[in-house]
Structure formats: structure tokens, C-alpha cells
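Read the structure below first, then the notes.
Only the coordinates and a few stated rules stand behind these numbers; no lab work does. Quantities reported herein were computed from a predicted structural model and do not represent experimental measurements. Because the Cβ atoms are built from the backbone with ideal geometry, glycine has one as well, and the counts that use them run over all protein chains shown.
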Amino acid sequence: MSRTTGLALYDGTARVAAAPVIRRYSTSFRLATSLFPRRCRAAIASIYALVRIADEIVDGTAAEAGLDRAARGAVLDELERETERAVATGFSANLVVHAFAAVAREAGIESALTRAFFASMRRDLDDVAFDETEYRTYVHGSAEVVGLMCLRVFLAGRPVAPEVAPRLDEGAARLGAAFQKVNFLRDVAHDRGYLGRSYLPGVAASGMTDEQKTAVVDDIRADLRAARAAVRHLPGDCRRPVLVATALFGELLRRLERTPASRLASTRVSVPAPVKLALALRWTLAPSLSTGALS
């Protein structure tokens, strides 16, 4: 077996190894990812897998395994170093890291994106109560850059006009931010009670008011409106999956909007699996694509 063939086999094996992570952890992203063209599907799953591993280090799983704060920080630092090495060299003994690095090298995912991501993950090692500036910085690193990573995959090998590229970047970043903020709203009780975090600026420890919840919902809708203008500039084979993911999170946002803020302190709002499937089917079979789901 030649060296090239050996590396190609290892690359493929790494991507296969990374793929189950998205299937086990996210119904919504799994549904949307399954609709992406073959050229994107494994790459998006590989990005998700690395992001999920970092989340598990800081979001309680490593602590359940007995790692204290210093040990969790050391594991996260090593994951970042290993990712940087793999992107630079094209190899890692960690199959998930190797899969991500192969995608990063092929799609041109910049080191600035991975650095910002790990910086935000590092904030989660400690209790947080963000002000507005810290909140925006965290959202950029934890969500906007992930949207930009996915965009790099969508556009790989597909030239983009110079005047369109900034619109696509803004749309991807704002859509990633919207998804993250929906999660903040859904998980506000768990984040504060279990993880000791208050991501949303100005929300008191005693709980969120209906006015504060409305402000968060309005902010999310503004992100979605900004993203709407960019969807039509995506490659045609990527628009529908993006709209499916957006429809799924849009349904969750509508349910959160209908839920009184007082209930969010004790209830985790979710979208039932049959509703998710129906939404995905609707967008998959739609004869034409409208960005109305982003409004």
C-alpha cells in the first residue's frame, strides 16, 4: 500500500469514526446534515464532533469522570494543541481531531476560527455572569465561528464573487449566533442551576422576566433576518439543509416565545421528534425554497 493510499484510508476512517457523534447528540443537526450533499455531509459531521468533544470537557461530563477544574483545563488545552498540530501537519492519532483537521485543510478553515472557539470554551471552565461585551465575545467564539467553519465547507472549490463573500460570512455568523442564543434561552435554568453560568446579560440570579425574554427573542429574530439575505447566495445544494436546520430551531424559538419566563426556570422546552420529522419532510419536499423560515 502506498503512503498516499494509506493516508486516504486513514482520512476516510477518521471521518467515519467522527460521524456517530452528531447522530448520538443532536436530532436537529442530524436531520439537517443528512440532507447536505455528499461533498459536505461528512465534513459537517467532523466539525460537529470536535465541537461536541470540547463541550463535553467543559459542560460536566469530564467533571462526572472525576476531573477537577485544573484537570479539565489541561485536557482542553491539549485538545487545542492537538488540533493545531493536526491542521499544520495533516495527522493526528485522535481520529476526531484528524477528521476535523482534514476538513480544515481542505476547506480553508482559518486558525483564527479555531482559536476563538477554544477561547470561548475556556470561559466555560469557570462560573460566568457575562456583561454585554463578554457575551458577544463568547457567542462569536462558541457559535459564530462554527457557522463560518460550515460555510467554508459549503464554498470549498466554489468561487465566490468578492462582493458576495462578506454577505455570506455575516449570514453564517448570524445564523450560528441565533442557534446558540436559542439554546441559551432553552437552557437558562440548567446553565444557572447546574453549571453556574449566566450567559444572558442582565438576567438576575432570581430569574428571567418576560420583558427580558422578549428582548432575547427579538435579538434572535434580528440575527435570523440578517441570515435570510445570505441564504440565496449559498451553493444551491446547501440551501435546503440550511433552511431545514433553521426551521427546526425556529420552531423551538416559537415554543420558547409562548412559554412564560417563570416556567423556563423549571421547564426545558423542546420540539417533539414527530414535529421535527414533519418539518424536515416539509422542507425536503417543498417545490421551491423560501427564506420565510428565517423570519
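Rounding to the nearest 20 debye, state how big the charge dipole of the chain is about its Cα centre with +1 on each Lys and Arg Cβ and -1 on each Asp and Glu Cβ.
Numbers: 40 positive and 33 negative charges, 277 e Å.
In total the dipole reaches around 1320 debye.
From Cα pairs below 8 angstrom and at least 6 apart in sequence, can you work out the relative contact order of the chain, rounded to a whole percent? Could you put the intermediate results ahead of the total?
Numbers: 364 pairs, mean separation 55.4, N = 295.
After rounding, I find 19 percent.
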Review point. Whole-Hz Karplus ³J(HN,Hα) for segment 115-126, in order, using 6.51 cos²θ - 1.76 cosθ + 1.60 and θ = phi - 60°, x for Gly and Pro?
Key: 5, 5, 4, 5, 4, 5, 4, 5, 4, 6, 6, 10
**Study point:** Volume per residue that the Cα convex hull of segment 127-295 spans, once the total is divided by residue count, Å³
**Key:** 118 Å³
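What is the gain in length, in nm to one decimal, between Ser266 and Arg38 on full extension, counting 0.36 nm per residue of separation less the C-alpha to C-alpha distance? Write down the numbers at each step before the final one.
Numbers: separation 228, 0.36 × 228 = 82.08 nm, distance 4.06 nm.
Result for the pair: 78.0 nm of gain on full extension.
From the C-alpha gyration tensor of segment 82-221, pull out the three semi-axes of the equivalent ellipsoid (sqrt of 5λ each), sorted largest to smallest, in whole Å.
Numbers: eigenvalues 193, 79, 22 Å².
Working from the Cα gyration tensor, I get semi-axes of 31, 20, 10 Å.
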Check your understanding: To the nearest 20 debye, what is the magnitude of the charge dipole of segment 54-176 about its Cα centre, counting +1 on the Cβ of each Lys and Arg and -1 on the Cβ of each Asp and Glu?
Key -> 560 debye
**Study point:** Residue among Gly193, Gln212, Val164 farthest towards the positive dipole end of segment 150-228, charges placed on Cβ
**Key:** Val164
**Study point:** Sparse-neighbourhood loop sites, GluC sites (Glu not before Pro) in segment 143-206 - DSSP loop, at most 13 other Cβ within 10 angstrom
**Key:** Glu163
Study note, to complete from the structure: Of the candidates Phe118, Ala104, Ile53, the farthest towards the positive dipole end of segment 1-125 (Lys/Arg Cβ +1, Asp/Glu Cβ -1, centred on the Cα centre) is Ala104
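Please state the charge dipole magnitude for segment 157-295, taken about the Cα centre, from unit charges on C-beta atoms (+1 on K and R, -1 on D and E), reported in debye and rounded to the nearest 20. Working shown, then result.
On the way: 21 positive and 13 negative charges, 79 e Å.
Value, rounded to 20: 380 debye.
Give the longest segment of the chain that steers clear of trypsin sites (Lys or Arg not before Pro) in DSSP loops with at most 14 neighbouring Cβ atoms within 10 Å, not counting the sites themselves. Intermediate values should be presented prior to the final figure.
Numbers: sites that count: Arg232, Arg268.
Longest gap between qualifying sites, sites excluded: 1-231.
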Study note, to complete from the structure: Scalar couplings 3J(HN,Hα) for segment 51-68 by Karplus 6.51 cos²θ - 1.76 cosθ + 1.60 (θ = phi - 60°), nearest whole Hz, x for Gly and Pro, are 4, 5, 4, 4, 4, 5, 5, 9, 9, x, 5, 5, 5, 4, 6, x, 7, 7
Point to revise | Diffusion constant of the chain at 10 °C, which comes from Stokes-Einstein with the Kirkwood Cα-pair radius and 1.306 mPa s, µm²/s | key: 80 µm²/s
Revision key, fill the gap. Residues meeting the amide H criterion for Arg197 (H placed from the backbone, H to H distance under 5 Å, 5 or more places apart or on another chain) are Val128, Arg192
**Study point:** Dimensionless Rg over Rh [segment 1-125; C-alpha; Kirkwood]
**Key:** 0.98
Practice item. Return the loop-located chymotrypsin sites (Phe, Trp or Tyr not before Pro) in segment 190-277 (DSSP other than H, G, I, E, B) with at most 15 other Cβ atoms within 10 Å of their own Cβ; answer none if there are none. Key: Tyr194
